[in-house]
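Data block below; observations after.
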Amino acid sequence: MSTATALDVNDLHVYLGESHVLQGVSFSVAKGGVTALLGRNGVGKTTTLRALMGLVPRSRGSVEVQGENVTRLPTHAIVRRGIGYVPEDRDVFAGLTVEENLRLSERGGNGRYDLVYDLFPELRERGRQRAGTLSGGQQQMVAIARALLNDNDLLLIDEPTKGLAPLLVTEVAVALERAAELSTILLVEQNLGVAKRVAEHAVVLDGGRVVYEGAAGELLSNPERVRELLGVGGAGH
Amino acid sequence: MSTLVLLTITGLGLGALYFLIASGLSLIYGLMGVLNFAHGAFITFGAYAAWWITTHVEASAEAELILATAFGLVFGAVLGALIELVFIRPLYRRPIEQVLVTVGLALALGALVFGIWGADPKLFPDRPGEEISLPSWMIDTTTILGARIPNDRFVEIAVAVVVLAGLTAFLRFTRIGLIIRAGVENRSMVTALGIDVRKTFTFVFAVGGALAALAGVLSGIYFSTVDPGRGTSLLIFAFIVVVIGGFGSIGGSAVAAVAVGLVQQYANYYAADWLDWSGAGDVAVMFLLAGVLLLRPEGLAPKVAH
Ligand SMILES: Nc1ncnc2c1ncn2[C@@H]1O[C@H](COP(=O)(O)OP(=O)(O)OP(=O)(O)O)[C@@H](O)[C@H]1O
Ligand SMILES: [Mg+2]
């Protein structure tokens, strides 16, 4: 079945402990390009990505990847539908070498090493180094490289520039642009400069629901809307 | 001096048994979060399976021993895999129930051995009419620095060293090994890479079962008998080894197994010799455990934090 959307999320509800974090989240991600998933701190962006991955239990709602309902599939099966995931806390395997981290994530045995080493030449040099001994920025490169290594249709990327020095932020942004030529990306990004640079579409969460779905540029070039929806410059939530 | 040498090599022999048991326990806990109390049943059943086959064949002592070891090993692997598939897998993501099931299995399987073969120890291997049942070179001694060491101790140590080398190489150089090492660190991230980590669960249970059964067979050689309580008594010390060594670490288990075996032997002998106190070995092991936990609560080789 061919559809125009890479991802359809419908009425997603997630409880974490007692708190009802996602209260009916619905949105679509069109094929191609970058869709930014935005919202104030603690609003549930990470939880949304984890729910799409099947990493947290969903109490209601459905998730469709390329028109196929994956709601009931286990995480590994969802991923094999062509999804790459870059988690917020990077989650590289500290005891494994860089090369082992990449090899582990390779599915089907034709990893795009040329692509990832082209984007992050450091990773080739540090292939035999344990990932736990890398700097935060280098670990982020490993985390992104793991997702780019396979020919994925959809990448779920959670705050890839968090805590990085400005020079590294640029390097990551370049990698995102390059990745966007190859896959559809759903990107959680608090650095609005980066979001503005790479994203065409935006989805904003607030109060456990989607409160904005539309063009990224329109939202991000309107300071009033940004303050209202994202609380930037305000007191947060 | 000769006493110290004898104690050391005997302690290493005992440590070898602990290591074989602890390495499987440690991998199972490290990967799956299941404290496998049924591991003792692998030891006992492995030992009895090996003994049982020797009651059914008549061959040279060497041939019987090799056959018995192979049979025990396979039996342990199959038992481990079956227990994972039938009892552990349906309780995926319910770690407390999984542990309770292993406790139940330990009790049930222990009772089963007791029911089938009774409480009395069996001479191992079973070679009726033979004067000695083990190959004679194993019972002979080798003199090292004046100490007369029974040769079977060297067999136990050598087997453990080979297993240590093999497991280490396996974890380092194979894809399953890579998945296991990564899974010990962060299981959900492994699934987020599209890997069905549950497939490795059956595998580590089979390996754990095989190695525990091997320890059971070797304990049959060490003590010349098999008995229904064998698994339980060895398992306690293997648990201590796992805690001292750090869950999920094979190298840590090896170091801790040697330490526990040596401390036990030294304390047993010297406390009895100097203080007329028997059974000090077990107390000394407890002190070793307490000491390590005070200094390094995560064990010698903790899971890599991140
Ligand atoms: N295990 C948990 N149990 C209970 N509540 C949780 C748990 N994990 C997260 N939460 C809460 O769920 C809410 C959503 O968290 P989430 O990490 O998805 O937000 P986020 O939008 O990604 O935030 P940030 O911008 O800080 O990354 C937060 O209020 C958080 O406190
Ligand atoms: Mg987050």
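The values are calculated or read from the model by the stated rules, or taken from the named source; none is laboratory data. Bear in mind the structure is a predicted one, so any value in this text is a computation, not a measurement. Here the Cβ is made from the backbone with ideal geometry for all residues, glycine too, and neighbour counts use every protein chain on show. For the accessible areas, the whole protein counts, side chains as well, though only heavy atoms, and no ligand, DNA or RNA atoms are used. Shrake-Rupley method; radii C 1.70, N 1.55, O 1.52, S 1.80 Å.
Which residues, counting only those in the range B:59-99, are out of contact with any Phe, Trp or Tyr (no Cβ under 9 Å at 6 or more places or on another chain), free of Cβ contacts under 8 Å to residues at least 24 places away in the same chain and not small (Gly, Ala, Ser)?
B:Ile66, B:Leu67, B:Val86, B:Phe87, B:Pro90, B:Leu91, B:Arg93, B:Arg94, B:Ile96, B:Glu97
For B:Lys199, only one of the following conditions fails: (1) open to solvent by 30 Å² or more (accessible area, probe 1.4 Å); (2) at negative phi; (3) away from every other protein chain (no Cβ under 14 Å); (4) free of Cβ contacts under 8 Å to residues at least 24 places away in the same chain. What is its number?
Every condition holds for B:Lys199 apart from (3).
Restricting the range B:214-261 to residues that are within 21 Å of B:Ile66 (Cβ to Cβ) and of a type in the set (Phe, Trp, Tyr), which is least open to solvent (accessible area, probe 1.4 Å)?
Of everything passing the filter in the range B:214-261, B:Tyr222 is least open to solvent (accessible area, probe 1.4 Å).
Could you go through the range A:214-235 and let me know if any residue there is in a strand (DSSP E or B) and within 15 Å of ligand 1 (Cβ to nearest atom).
no
When you look at B:Thr191, is it of a type in the set (Ser, Thr, Tyr) and more than 7 Å from every other protein chain (Cβ to nearest Cβ), yes or no?
The answer is no for B:Thr191.
Looking at A:Ala202, is it within 16 Å of the chain's Cα centre (by Cα), within 16 Å of ligand 1 (Cβ to nearest atom) and within 28 Å of A:Leu12 (Cα to Cα)?
Answer is yes for this residue.
Residue under question is B:Asp282, and the condition is that it be modelled with pLDDT of 90 or more, open to solvent by 30 Å² or more (accessible area, probe 1.4 Å) and charged (D, E, K, R); does it hold? Spell out how you get there, then give the answer.
Values: modelled with pLDDT of 90 or more: yes; open to solvent by 30 Å² or more (accessible area, probe 1.4 Å): yes; charged (D, E, K, R): yes.
Yes; evaluated as a whole, the condition is true for this residue.
Out of contact with any Asp or Glu (no Cβ under 9 Å at 6 or more places or on another chain), of a type in the set (Phe, Trp, Tyr) and at negative phi - does that describe any residue in the range B:51-58?
Within the range B:51-58, none of the residues are out of contact with any Asp or Glu (no Cβ under 9 Å at 6 or more places or on another chain), of a type in the set (Phe, Trp, Tyr) and at negative phi.
Which ones in the range A:42-72 are of a type outside the set (A, V, I, L, M) and within 16 Å of ligand 2 (Cβ to nearest atom)?
Just the residues of the range A:42-72 that are of a type outside the set (A, V, I, L, M), to begin with: A:42, A:44-48, A:50, A:54, A:57-62, A:64, A:66-69, A:71-72.
Once the filter is applied, which keeps residues that are of a type outside the set (A, V, I, L, M) and within 16 Å of ligand 2 (Cβ to nearest atom), the range A:42-72 yields A:Gly42, A:Gly44, A:Lys45, A:Thr46, A:Thr47, A:Thr48, A:Arg50.
Going by what's in this entry, would A:Ser105 be described as more than 16 Å from ligand 1 (Cβ to nearest atom) and within 14 Å of chain B (Cβ to nearest Cβ)?
Yes.
Quick one: which residue in B:Leu6, B:Leu20, B:Leu12 is buried (at least 19 other Cβ atoms within 10 Å of the Cβ) and within 11 Å of B:Ala238 (Cβ to Cβ)?
Working: B:Leu6 fails: within 11 Å of B:Ala238 (Cβ to Cβ); B:Leu12 fails: within 11 Å of B:Ala238 (Cβ to Cβ).
Just one listed residue meets the conditions, B:Leu20.
Within the group A:Val98, A:Val86, which residue is within 23 Å of A:Lys162 (Cα to Cα) and either out of contact with any strand residue (DSSP E or B) (no Cβ under 7 Å at 6 or more places or on another chain) or surrounded by fewer than 21 Cβ atoms within 10 Å (Cβ to Cβ) (or both)?
Step by step, each of A:Val98, A:Val86 is checked, and only A:Val98 is within 23 Å of A:Lys162 (Cα to Cα) and either out of contact with any strand residue (DSSP E or B) (no Cβ under 7 Å at 6 or more places or on another chain) or surrounded by fewer than 21 Cβ atoms within 10 Å (Cβ to Cβ) (or both).
Take the residues in the range A:22-41 that are touching a Gly at 6+ places or on another chain (Cβ under 9 Å) and open to solvent by 20 Å² or more (accessible area, probe 1.4 Å), then tell me which one is nearest to ligand 2 (Cβ to nearest atom).
A:Asn41
May I ask you to list the residues in the range A:64-102 that are facing chain B (nearest Cβ under 7 Å) and assigned to a helix (DSSP H, G or I)?
A:Thr75, A:His76, A:Val79, A:Glu100
For A:Thr46, all conditions in the list (1) more than 14 Å from chain B (Cβ to nearest Cβ); (2) of a type in the set (Val, Ile, Thr); (3) open to solvent by 10 Å² or more (accessible area, probe 1.4 Å); (4) within 16 Å of ligand 1 (Cβ to nearest atom) hold save one; what is the number of the exception?
The one condition A:Thr46 does not meet is (1).
Picking from A:Arg103, A:Arg60, A:Arg80, A:Arg72, which residue would you name as being touching a strand residue (DSSP E or B) at 6+ places or on another chain (Cβ under 6 Å) and surrounded by fewer than 19 Cβ atoms within 10 Å (Cβ to Cβ)?
Values: A:Arg103 fails: touching a strand residue (DSSP E or B) at 6+ places or on another chain (Cβ under 6 Å); A:Arg80 fails: touching a strand residue (DSSP E or B) at 6+ places or on another chain (Cβ under 6 Å); A:Arg72 fails: touching a strand residue (DSSP E or B) at 6+ places or on another chain (Cβ under 6 Å).
Residue meeting the stated conditions: A:Arg60.
If you take the residues of the range A:151-191 that are charged (D, E, K, R) and open to solvent by less than 10 Å² (accessible area, probe 1.4 Å), which of them is nearest to ligand 1 (Cβ to nearest atom)?
Step by step, filter the range A:151-191, then rank; the result is A:Asp158.
Please list, ordered by first then second residue, the pairs with beta carbon atoms under 6 Å, 6 or more apart or interchain, first in the range A:205-222 and more than 14 Å from every other protein chain (Cβ to nearest Cβ), second away from ligand 2 (no atom under 16 Å from the Cβ) and in a loop (DSSP other than H, G, I, E, B).
Pairs found: A:Ala216/A:Ala199; A:Ala216/A:Glu200.
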